[in-house]
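*Asks:* Below is the structure I would like to discuss, written out as structure tokens.
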Amino acid sequence: GDVNGDGKISLDDGMLVLRILAGLPVGNVNPNADVNGDGKIGLEELGFILQKVAELRPSTL
């Protein structure tokens, strides 16, 4: 979820995932942001981030 490692899940994280998916260069990525455990940041993480931002997921995740 927290792709940029700033301690919160926000649209900034979603934008970073889009950059990753587009193959654009990104800085350091928080490895703990891999929500499905597949070892990479991808569409599943983007979906999770958007659900958190829209408050469709509990704040405990």
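*Asks:* Add -39500 (n - 2.57) for each DSSP H run of 4 or more in the chain, then divide by its residues: what number comes out at 222 nm, to the nearest 500 deg cm²/dmol?
*Replies:* Working: 2 runs with 22 residues, N = 61.
The helix-only estimate for the chain comes to -11000 deg cm²/dmol at 222 nm.
*Asks:* Helix 43-53 versus the longest principal axis of the chain: what angle, 0 to 90°, nearest 10, using Cα atoms?
*Replies:* Helix 43-53 sits at roughly 40 degrees to that axis.
*Asks:* So what is the relative contact order for segment 11-53, in percent, with contacts set as C-alpha pairs under 8 Å and at least six apart?
*Replies:* The normalised contact order for segment 11-53 reaches 47 percent.
*Asks:* Also, quick follow-up: What FRET efficiency do you get for VAL53 and LEU24 if R0 is 22 Å and r is their Cβ-Cβ distance, rounded to the nearest 0.05?
*Replies:* So the FRET efficiency works out to roughly 0.55.
*Asks:* Follow-up. Stick to Cα atoms and the Kirkwood definition of Rh, then tell me Rg/Rh for the chain. Walk me through the intermediate numbers first.
*Replies:* Values: Rg = 10.5 Å, Rh = 11.4 Å.
In the chain, Rg relative to Rh is 0.93.
*Asks:* For a protection proxy built on the mean count of beta-carbon atoms within 10 angstrom, sort 7-13, 51-57, 22-28 highest first, please.
*Replies:* Numbers: 7-13: 15.6, 51-57: 13.0, 22-28: 8.7.
Result, highest mean Cβ count within 10 Å first: 7-13, 51-57, 22-28.
*Asks:* Quick one: net charge around VAL35, please, counting Lys, Arg +1 and Asp, Glu -1 for every other residue with C-beta under 12 Å from its C-beta.
*Replies:* -3
*Asks:* Across segment 15-30, in residue order, what do the Karplus-derived ³J(HN,Hα) couplings come to in whole Hz, using 6.51 cos²θ - 1.76 cosθ + 1.60 with θ = phi - 60° and x for Gly and Pro?
*Replies:* 5, 5, 4, 4, 5, 4, 5, 7, x, 7, x, 9, x, 5, 10, 5
Computed from the coordinates by the stated procedures, all read-outs in this text should not be read as laboratory data. If you're wondering where the values come from, they're calculated on a predicted model, not measured in any experiment. A quick note on method: Cβ atoms are made from the backbone with ideal geometry, for glycine too, and the neighbour counts reach across all protein chains shown.
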